[in-house]
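What follows is a set of notes on a single structure, which appears directly below.
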Amino acid sequence: MPAIEVANVSYRYPQRQALANVDLTVNEGEIFAFLGPNGGGKTTLFRLLATLVPLQEGSIRIFGSDVRTQADHVRRRIGVVFQAPSLDKKLTVAENLKYQGWLYGLSGQTLRQRSQQMLQNLGVADRAGDRVETLSGGLRRRVELAKACLHGPRLLLMDEPSTGLDPAARIDLWQYLRQLRDRQGVTIVLTTHLLEEAEKADRLAIMAAGKVVALDSPDNLRAEVGGDAITVAAADVVALAAEIEAKFGLRGSVLGETLRLHEASGHEWIPRLVEAFPNEIRSITVGKPTLEDVFIARTGHRFGDDVSLPS
Amino acid sequence: MTEPTTLPNEPDTGVVSPAAAPVQPRPVLAAAALASREFVRFIRQPNRVVGAVGQPVLFWLFFGAGFHKSLQIPGSGQQDYLEYYFPGTLVLILLFTAIFTTISVIEDRREGFLQSVLVSPIPRWAMVLGKLAGATAIAVAQGGLFLLLALTIGVTPPWWAWLSLVGFLVLTSLALTGLGFVLAWRMDSVQGFHAVMSLFLLPLWLLSGALFPNPAGWLAAITTVNPVTYAVAGVRRLLYADSTVALPADLPSLPWCVAVTAAFALVTFAASCKVAGTRTTGDLL
């Protein structure tokens with residue numbers, strides 16, 4: 001049974017369309033990322049999966065349970081880490097976990113053991129008696145994770161989990177997520193706007209303007225773009241693009257003040273281009289395609305651009 | 001204290017196996033979690049205690065002392081104003097506490113705590129019950145402290161009336177916190193609540209017989225349909241349960257006060273469950 005089946009889901013806010021006919025499946029035991037710029041629809045999808053907002057159109061099944069009619073089943077099986085912290089800052093770490101346990105029907109010895117184990121696993125056991133407001137952002141994030149995993153969810157949903165984490169803390173987070181997946185088979189779904197974070201997922205869905213524009217493993221997605229990525233900066237990039245096309249037959253995409261070309265043997269093109277347009281070209285670089293190139297290839301926009309659906 | 005830079009290499013990531021049967025939520029335990037959290041938070045913010053008790057007590061002392069000579073409540077026999085005004089002050093403390101505590105729904109939503117409750121597998125009525133029970137415990141604790149001041153003005157109800165008073169305060173607080181919850185649930189800012197408070201909640205209290213006995217004309221009509229009237233009257237009845245002090249002739253009877261207050265509590269609880277049970281995008285304000 002797939003962990004998540006999303007079929008034909010659309011969602012509208014009063015002002016704009018956030019999701020349009022989204023279909024996708026997340027397999028059990030996968031680390032799956034939703035990658036997209038702000039306004040791409042990934043947070044809306046996250047909220048629908050977390051049963052935080054009601055479904056408007058389409059269907060979502062989580063471990064076979066319909067989020068619309070069996071929200072209760074779904075809620076028992078998911079753990080949710082929100083982008084905004086959900087810890088009560090006036091309570092201690094241990095108290096936060098205790099009340100979370102009570103919400104999920106855990107109590108007594110079982111609850112104490114689980115909380116202690118979670119805090120140990122996340123390296124925050126020595127802060128159990130401290131109020132959350134005295135903890136650093138990184139430590140709070142760990143407690144947040146302990147809170148979400150306390151009841152042993154089969155699916156962990158995380159909205160922008162790296163927000164506010166320094167690079168070392170991000171590495172820790174991913175180490176923990178992999179352990180969770182490898183040792184317990186927990187399915188992990190996260191949203192991110194960071195390309196390098198999405199690279200770490202088993203599979204990812206790239207979302208733009210409320211649609212899934214690509215869905216595969218990071219390697220496959222990059223392989224699809226193929227060749228090397230050549231980035232040319234010029235004062236009049238549109239004119240240059242036309243000239244390059246006329247002279248070499250290369251078609252690229254113009255993004256702001258840069259031209260992006262995807263060609264095999266990119267290193268051979270560099271001298272040819274520079275010799276042909278020595279005055280026009282301000283800078284030129286070559287590299288392997290990144291997820292950003294995948295994004296550009298699929299949407300025609302640069303990743304940072306705010307792309308949203310017309311309302 | 002130094003932060004560990006890497007996670008310890010534990011042999012297992014947790015004792016919880018997700019393959020095991022999913023958790024079985026227990027609504028009453030869930031409500032207890034929220035109620036207990038509410039109380040712990042309250043104790044840790046002493047300024048809230050001062051705010052909810054301090055102002056009514058000051059009002060009571062100032063009004064009571066100020067009107068002591070100039071006002072004689074008709075039909076109140078030998079009561080002076082400090083004494084007359086006592087039950088009203090008690091209800092005002094409950095009202096203030098109910099409001100300050102239910103405003104925290106707005107904070108919970110803004111600070112993010114609420115979202116983790118909303119995605120947990122507990123029924124919404126359990127969430128409401130937890131919030132209201134916590135707020136009620138806080139209100140009764142504060143009201144109870146103030147109640148002891150009755151002894152300083154020579155009001156000495158019998159032991160059973162003390163017990164009944166605590167029970168009646170629980171009922172009244174439940175009703176008022178329920179009212180606060182319904183008003184606060186959809187609000188996105190504490191500022192918005194202030195307007196409701198001065199235009200709706202305070203007038204409700206003003207026209208409850210707390211400050212002056214049942215007036216005539218259209219004010220009388222409002223006072224009669226105002227449920228807070230019966231809360232104040234109930235406290236008054238119980239305080240003078242065994243006393244020979246003459247109470248205003250038109251004061252509602254004790255059973256009637258209890259019945260109206262219980263109905264008031266039921267209605268606001270049901271309304272709270274209803275507003276909280278409606279899932280909209282508003283849950284994410």
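The values are calculated or read from the model by the stated rules, or taken from the named source; none is laboratory data. Quick caveat, the model's predicted, so the values are computed rather than measured. As a convention, Cβ positions derive from the backbone with ideal geometry for all residues, glycine included, and neighbour counts pool all protein chains shown. Ligands, DNA and RNA are excluded from the accessible area calculation, which covers all protein heavy atoms including side chains. Shrake-Rupley method; radii C 1.70, N 1.55, O 1.52, S 1.80 Å.
Out of the total accessible area of region B:165-285 (probe 1.4 Å, heavy atoms of protein only), what percent is carbon and sulfur? Solvent-exposed carbon and sulfur of region B:165-285 make up 74 percent of the total.
Would you mind classifying region B:112-255 by shape? Square roots of the alpha carbon gyration tensor eigenvalues, ordered a ≥ b ≥ c; an a/c under 1.5 is rounded, otherwise it is prolate if a/b is larger than b/c and oblate if not. Before the final figure, lay out the partial values.
Numbers: a/c = 2.55, a/b = 1.54, b/c = 1.65.
Taking the square roots of the gyration eigenvalues as a ≥ b ≥ c, region B:112-255 is oblate.
Quick one: helix B:159-185 against the long Cα principal axis of chain B, what's the angle to the nearest 10°, folded into 0 to 90? Here the helix axis deviates by roughly 60 degrees. Using the average count of surrounding beta-carbon atoms within 10 Å as a protection proxy, the listed peptides A:132-138, B:99-105, A:257-263 rank, highest first, as B:99-105, A:257-263, A:132-138. In this view, the solvent-accessible surface of B:His194, computed with a 1.4 Å probe and all protein chains in place, comes to about 90 Å².
Among the DSSP beta bridges whose two residues both lie in region A:4-221, what percent are antiparallel, rounded to the nearest 5?
Details: 19 of 37 bridges.
Roughly 50 percent of the beta bridges in region A:4-221 run antiparallel, per DSSP.
With the charge dipole of chain A set up from +1 on Lys and Arg Cβ and -1 on Asp and Glu Cβ about the Cα centre, the Cα lying farthest toward the positive end among the listed residues A:Cys149, A:Leu106, A:Ile270 is that of A:Leu106.
How much of the pair distance distribution for region B:27-275 lies past 24 Å, counting alpha-carbon pairs only, in percent? Cα-Cα pairs in region B:27-275 separated by more than 24 Å: 45 percent. For the pair A:Glu263 and B:Ala249, label points projected 7 Å from Cα toward Cβ lie 10.6 nm apart.
Compute the accessible area per residue over region A:227-288, keeping the other protein chains in place, probe 1.4 Å, unit Å².
Numbers: 3420 Å² over 62 residues.
Accessible area per residue, region A:227-288: 55 Å².
Heavy-atom surface analysis with a 1.4 Å probe gives chain A a carbon and sulfur content of 47 percent of its accessible area. Between chain A and chain B, the total buried accessible area stands at approximately 5100 Å², from heavy atoms with a 1.4 Å probe.
Each Lys and Arg adds +1 at its Cβ and each Asp and Glu adds -1 at its Cβ; summed about the Cα centre, region A:227-288 shows a dipole of about 140 debye.
Taking the Cα centroid of region B:89-142 and of region A:203-221, what is the distance between the two, rounded to the nearest whole Å? Cα centroid to Cα centroid, the span is 42 Å. Averaged over the residues of A:83-91, the number of partner chain Cβ atoms lying within 10 Å of the residue Cβ comes to 6. Mean per-residue shielding of peptide B:108-115 is 5, counting Cβ atoms of other chains within 10 Å of each Cβ. Straightening the chain between B:Val267 and B:Glu107 buys 55.1 nm, computed as 0.36 nm per residue apart minus the Cα-Cα spacing. Ranked by the mean number of other Cβ atoms within 10 Å of their residues, highest first, the peptides B:262-271, A:184-193 fall in the order A:184-193, B:262-271. Given the protein chains as shown and a 1.4 Å probe, how many square angstrom of B:Val275 are accessible, to the nearest 10? That residue has around 40 Å² of solvent-accessible surface.
How would B:Val53, B:Val23 rank on accessible area, largest to smallest, probe 1.4 Å? Present the calculation step by step, with values, prior to reporting the outcome.
Working: B:Val53 35, B:Val23 15 Å².
Solvent-accessible surface, decreasing: B:Val53, B:Val23.
One chain, two ends: B:Ala241 and B:Ala216. Fully extended at 0.36 nm per residue, the span grows by 6.4 nm beyond their Cα-Cα distance.
Simple rule: put +1 on each Lys or Arg Cβ and -1 on each Asp or Glu Cβ in region B:27-275, find the dipole, and look at B:Leu129, B:Val170, B:Met197; the Cα lying farthest toward the positive end is B:Leu129. Summing Cβ point charges (Lys, Arg +1; Asp, Glu -1) relative to the Cα centre of chain A gives a dipole of roughly 1520 debye.
Dipole of region A:172-311, Cα-centred, from +1 at each Lys and Arg C-beta and -1 at each Asp and Glu C-beta, to the nearest 20 debye? Write out the running numbers ahead of the final one.
Values: 15 positive and 22 negative charges, 77 e Å.
Result for region A:172-311 is approximately 360 debye, rounded to the nearest 20.
Note: region A:4-221, Cα convex hull, 121 Å³ per residue. The long axis of helix A:93-103 is offset from the longest Cα principal axis of chain A by roughly 80 degrees. Between B:Thr224 and A:Lys247, the modelled labels are 9.6 nm apart [label points 7 Å from Cα along Cα→Cβ]. Show log10 I(q)/I(0) for the protein assembly as shown at q = 0.05, 0.11 Å⁻¹, two decimals, from a solvent-free Debye sum over equal Cα scatterers. The computed values of log10 I(q)/I(0) come out as -0.32, -1.02.
Out of the DSSP beta bridges found with both residues in the protein assembly as shown, what percent are antiparallel (nearest 5)?
Details: 34 of 52 bridges.
About 65 percent, rounded to the nearest 5.
Neighbouring Cβ atoms from other chains, within 10 Å of the Cβ of residues in A:66-79, number 3 on average. Among A:Leu119, A:Pro218, A:Gly40, which residue has its Cα positioned farthest towards the positive end of the charge dipole of region A:4-221, with +1 placed on the Cβ of Lys and Arg, -1 on the Cβ of Asp and Glu, and the dipole taken about the Cα centre? Positive-end residue among those listed: A:Leu119.
Within the full protein context, the accessible area of B:Val49 is estimated at about 60 Å² for a probe radius of 1.4 Å.
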